[in-house]
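Working notes, beginning with the structure itself.
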Amino acid sequence: MRDNHATMGEQSATRLKGDDYQHLYSWFELLQLLMPESSFSNGYVEHPQAGAADDITLHPQRRQDPAKYTQVKFHVDQRAQYSSVSLVNRSKDDARSLLHKLFDTWNRLQQSGEENIEIWLVSNWASGEDLGKFIHDTYVLTEEFFTAGPKSGAAKVRSLWTKELGITEEKLHSFCRALRLRLGFSGLNELTEKLDDRMARFGLRTGPDPRAIVLDIVRGWIKDGGKSKRIDRDVMSKVIEERGLRAVAVEDPKVSLWIHAWAKRGYDVAPTVQLDWTAYFNIDSRTIADQQTWDRILLPELKQARQKLSEMPGGTYVDFRGKLPLTASLAVGRIFSEAFGFQFRVEQPTGGEVLLWRSDVAASNYALNPRQRNLESSASAGLVSLSITGDAELDMAQMINDSPGRFRGLLNILPAAGAGSSAVKSPSDAVAIANQVKDEIRRFRTQNSLQSIHLVLYCPAVLALFLGQRLNALGEILAYERDLNGKYQVSVRLQTG
């Protein structure tokens, strides 16, 4: 009996986690209704006519835009994946497969007159290779899935699915063009981080307490049923005020710095200072400014901008915009150093949207894994790589082979959880990494009696900016950019004292 009770307890805990995941994701989606130009007029939690895709639905302002019907599937572990076969497998307690349920929902909605719809499957389980290779990064099935010949892998999937659903291939095509597979989406912890980011963007409180309120709100809508399940912008605004979810307003920066390098574009705030460096940088040819240009033009321009902004009321809190090489972002951070009292608010693309990250937030408990190697050289330079979004180990090995004896030691700094495109999830992570990297470089330099650090950046631009602000008393730093041939070239030399 004890084992049985333990199993029941585990099942109950799993169900509760699944409910929390579904409700938090529902709120995550409903927040889009707060956008001034939202394409959606309203949403439903557990829509009464949405069949298997009823967890969260969003309905458009305009008839020509699609309605979005979503099934949310949460799994407590990652022991399995979604494959073309698993989507049509049936459990012993279920007469229909998951794909069949989604098809029936689409078919019923079509028959009721809703022709412009999307059927979404959102899950923290990833897709297997046989399915994943046909999923575009916008979650639609690729054109190859529909057009590949009769002996292709796509044809085998189409044949399997038409047989399971008992429909023609033409009908399958219509259904699959409406299907959206957002697989490998965030786990529960990552979802809460994404939710916090989106709530902060709308001026809402973040953290465990506000999320508990959100869960209570969504559960209440479902429990009350009927019209309570229909949510529009007015409902969202009212419940936010009533439940105290509005954050204390954070003052916006009073000054803005625009720097154009890789590209020149406009932004949603007017520039106080605008620098155009496009004559010195070209992303197509990977042309970068030489050190003479930095010393005579670019660094003096940055210092003039710093002087102008610092003389203005509130001028040390800067809204920064621009498309720059990583090394240029590092240089901007160095000139607008923390030591001068500067703070940044900067754009950071995250999860399909652009968030505004501040450089002065509290650091998270982000764990790094520094790997150090002695190169048995009497050189006075050390090679450091910040390998956050990817591991630069092989690139560094090539640099060492190309210049034997040039470096005394090698330091490769990686996330403890592994490098990857989603390794930096919040401004607190970026601040934590920047602080630790500064300390690691100082330790590495002192330990090896180095006169200069050669720095390779494999990280988001916002992290390069935040790191630059913290580069004090580290001696000479030479930052590298990759050229068209995949090799690294010195981009800018910074004296940090």
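The values are calculated or read from the model by the stated rules, or taken from the named source; none is laboratory data. All figures in this text were calculated on a predicted structure; none of them were measured in a lab. Cβ atoms come from the backbone with ideal geometry, glycine included; neighbour counts cover every protein chain shown.
When segment 272-312 is filtered for residues that are assigned to a helix (DSSP H, G or I), buried (at least 19 other Cβ atoms within 10 Å of the Cβ) and in contact with a strand residue (DSSP E or B) (Cβ under 6 Å, 6 or more places away or on another chain), the ones remaining, listed by number, are 294, 305, 309. Would segment 394-406 turn up any residue that is modelled with pLDDT of 95 or more and not hydroxyl-bearing (Ser, Thr, Tyr)? No, because not a single residue in segment 394-406 is modelled with pLDDT of 95 or more and not hydroxyl-bearing (Ser, Thr, Tyr).
Of all residue pairs spaced 6 or more apart or on separate chains, those with beta-carbon atoms under 9 Å, a first member in segment 91-111 that is within 16 Å of residue 67 (Cα to Cα) and a second member that is among the basic types (Lys, Arg) and not in a loop (DSSP other than H, G, I, E, B) are 103/171; 107/171.
Annotation: of all residues in segment 261-275 being of a type in the set (Gly, Ala, Ser) and closer than 18 Å to residue 289 by Cβ, the one that is farthest from the chain's Cα centre (by Cα) is 261.
Restricting attention to segment 96-120 and to residues that are touching a helix residue (DSSP H, G or I) at 6+ places or on another chain (Cβ under 8 Å) and of a type in the set (Ser, Thr, Tyr), the residue that is nearest to residue 74 (Cα to Cα) turns out to be 97.
Screening residue 474 with (1) touching a Ser or Thr at 6+ places or on another chain (Cβ under 6 Å); (2) within 28 Å of residue 349 (Cα to Cα) gives one miss only, at (2).
For segment 329-351, enumerate the residues that are of a type outside the set (D, E, K, R), in contact with a strand residue (DSSP E or B) (Cβ under 7 Å, 6 or more places away or on another chain) and in contact (Cβ under 8 Å) with a residue 40 or more places away in the chain. Passing the criteria: 330, 331, 332, 336, 342, 344, 346, 348. Residues in segment 112-155 that are of a type in the set (D, E, K, R), touching a residue at least 40 places away in the same chain (Cβ under 8 Å) and not in a helix (DSSP H, G or I): 114, 118.
Residues checked against (1) over 31 Å from the mean Cα position of the chain (by Cα); (2) among the charged types (D, E, K, R); (3) over 23 Å from residue 186 (Cα atoms); (4) surrounded by 19 or more Cβ atoms within 10 Å (Cβ to Cβ):
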{"position": "77", "(1), (2), (3), (4)": "no, yes, no, no"}
{"position": "92", "(1), (2), (3), (4)": "yes, yes, yes, no"}
{"position": "106", "(1), (2), (3), (4)": "no, no, yes, yes"}
{"position": "114", "(1), (2), (3), (4)": "yes, yes, yes, no"}
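Look at (1) buried (at least 19 other Cβ atoms within 10 Å of the Cβ); (2) outside any helix (DSSP H, G or I); (3) of a type in the set (Asp, Glu) and you find that residue 251 fails only one, number (1). Flag: residue 237 matches the condition of being assigned to a helix (DSSP H, G or I), assigned by TED's automatic domain parsing to the domain that holds residue 132 and not acidic (Asp, Glu).
Taking interchain pairs and intrachain pairs at least six residues apart, which have beta carbon atoms under 7 angstrom, with the first residue in segment 18-47 and within 18 Å of residue 71 (Cα to Cα) and the second acidic (Asp, Glu)? Close Cβ pairs (under 7 Å, with a partner that is acidic (Asp, Glu)) amount to 22/55; 26/55; 42/232; 43/29; 46/54; 46/55; 47/54.
Note on segment 157-234: enclosed helices (runs of 4 or more DSSP H) holding 3 or more residues that are under 25 Å from the mean Cα position of the chain (by Cα) and without any contact (Cβ under 8 Å) to a residue 40 or more places away in the chain are 208-224.
Being in contact with a Ser or Thr (Cβ under 9 Å, 6 or more places away or on another chain) and within 27 Å of residue 145 (Cα to Cα), is that true of even one residue in segment 27-49? Checking segment 27-49: not a single residue is in contact with a Ser or Thr (Cβ under 9 Å, 6 or more places away or on another chain) and within 27 Å of residue 145 (Cα to Cα). Scanning segment 135-159 for residues that are closer than 24 Å to residue 122 by Cβ and surrounded by fewer than 16 Cβ atoms within 10 Å (Cβ to Cβ) yields a count of 7.
Taking residue 164 as the residue in question, decide whether it is surrounded by fewer than 16 Cβ atoms within 10 Å (Cβ to Cβ), acidic (Asp, Glu), touching a helix residue (DSSP H, G or I) at 6+ places or on another chain (Cβ under 9 Å) and in the same structural domain as residue 110 (by TED's automatic domain parsing). No: the conditions fail for residue 164.
Listed here are the residues, each with its yes/no results for (1) under 24 Å from residue 213 (Cβ atoms); (2) at pLDDT 90 or above; (3) surrounded by 14 or more Cβ atoms within 10 Å (Cβ to Cβ).
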| residue | (1), (2), (3) |
| --- | --- |
| 5 | no, no, no |
| 10 | no, no, no |
| 13 | yes, no, no |
| 24 | yes, yes, yes |
| 33 | yes, yes, yes |
| 51 | no, yes, yes |
